[in-house]
């Protein structure tokens, strides 16, 4: 039985291959990740959502009563990631019974749940004890949403995995990637490292996209096109030597 196969339980790569998926080298490393906080800065179409969905399914199957939460900038995007988890569940040779299964969530017979959440800080509060929190398109997830989902791991000690392509030098995603400290495991995969993307296609994209190519395919954090001052210029103006005029207790 798949659910009791110790080899598949211990090795997510073996689990992926048992479902007919042959991971790239970086995907195999990502599947075997065993940290607590992970950031995947990946080019478009590099397969990050596919691997994240596999991790979600593996966690739900082999760790009973796990709550897996999928967060994106919008419910449509979260539900798309949830659909990918459903595709993997459908490939299982002995698929687990699911007392609940709908467009946005499912509950497995072992008590594990996979839930896709809307991209609104106002409507997602209430979940707690998450075993795995996946944040897709993280660079476009609002800061308030990110800050509101982190406490869902406070008691469980669960994993937080955020994946994205850069979207300017702004927001929590850029902050965590550049200055978030050693608590994060960081993975960067450029398009040229993905064997399914041809050099010819990338050269065509380079000519067509110009400024945006470095962001979408080379994982670079670039200044936004509507910025008056660059991020580095603003940072260079920050100093502790000048006392603020307002907001200081006397």
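The values are calculated or read from the model by the stated rules, or taken from the named source; none is laboratory data. Remember, predicted model here, so these are calculated numbers, not experimental data. Neighbour counts run over all protein chains shown; Cβ positions are idealised from the backbone, glycine included.
Every condition in (1) part of a loop (DSSP other than H, G, I, E, B); (2) on the phi < 0 side of the Ramachandran plot; (3) surrounded by fewer than 21 Cβ atoms within 10 Å (Cβ to Cβ) holds for residue 17 except the one numbered (1).
Can you pull out the residues in the stretch 22-40 that are touching a helix residue (DSSP H, G or I) at 6+ places or on another chain (Cβ under 7 Å), surrounded by fewer than 19 Cβ atoms within 10 Å (Cβ to Cβ) and either farther than 24 Å from residue 153 by Cβ or modelled with pLDDT under 90 (or both)? Scanning the stretch 22-40 gives a single hit, 28.
Identify all residues within the stretch 64-80 that are exposed (fewer than 15 other Cβ atoms within 10 Å of the Cβ) and closer than 26 Å to residue 145 by Cβ; write none if there are none.
Of the residues in the stretch 64-80, the ones exposed (fewer than 15 other Cβ atoms within 10 Å of the Cβ) are 64-65, 74, 76.
Listed by number, the residues that qualify are 65, 74, 76.
Among the residues of this structure, residue 169 counts as one that is touching a residue at least 40 places away in the same chain (Cβ under 8 Å), surrounded by 13 or more Cβ atoms within 10 Å (Cβ to Cβ), over 14 Å from the mean Cα position of the chain (by Cα) and over 20 Å from residue 49 (Cα atoms). In the stretch 177-189, is there at least one residue being crowded, with 18+ Cβ neighbours inside 10 Å and part of a loop (DSSP other than H, G, I, E, B)? No, because not a single residue in the stretch 177-189 is crowded, with 18+ Cβ neighbours inside 10 Å and part of a loop (DSSP other than H, G, I, E, B). Taking the conditions (1) surrounded by fewer than 23 Cβ atoms within 10 Å (Cβ to Cβ); (2) assigned to a helix (DSSP H, G or I); (3) in contact with a helix residue (DSSP H, G or I) (Cβ under 7 Å, 6 or more places away or on another chain) in turn, residue 44 satisfies each one other than (2).
Is there a residue in the stretch 201-217 that is outside any loop (DSSP other than H, G, I, E, B), at pLDDT below 85 and closer than 28 Å to residue 143 by Cα? Working first, answer last.
If we filter the stretch 201-217 for residues that are outside any loop (DSSP other than H, G, I, E, B), which is where we start, we get 201-217.
In the following step, the residues that additionally are at pLDDT below 85 were identified as none.
The answer is no; no qualifying residue exists.
Looking at 158, 180, just one residue is touching a strand residue (DSSP E or B) at 6+ places or on another chain (Cβ under 8 Å), modelled with pLDDT under 90 and closer than 30 Å to residue 129 by Cβ, and that residue is 180. You will find that of 140, 125, 150, the residue that is within 19 Å of residue 48 (Cβ to Cβ) and either under 14 Å from the mean Cα position of the chain (by Cα) or at pLDDT below 95 (or both) is 140 and no other. In summary, residue 68 fulfils each of the numbered conditions (1) in contact with a strand residue (DSSP E or B) (Cβ under 7 Å, 6 or more places away or on another chain); (2) in a loop (DSSP other than H, G, I, E, B) with the single exception of condition (2). All conditions in (1) touching a strand residue (DSSP E or B) at 6+ places or on another chain (Cβ under 7 Å); (2) more than 16 Å from residue 134 (Cβ to Cβ) hold for residue 39, with the sole exception of (2).
Any residue that is part of a helix (DSSP H, G or I), surrounded by 13 or more Cβ atoms within 10 Å (Cβ to Cβ) and modelled with pLDDT of 65 or more - is there at least one of those in the stretch 221-237?
Looking for residues that are part of a helix (DSSP H, G or I), surrounded by 13 or more Cβ atoms within 10 Å (Cβ to Cβ) and modelled with pLDDT of 65 or more, one finds none in the stretch 221-237, hence no.
Among the numbered conditions (1) under 21 Å from residue 134 (Cβ atoms); (2) out of contact with any helix residue (DSSP H, G or I) (no Cβ under 8 Å at 6 or more places or on another chain), the only one that residue 210 does not meet is (1).
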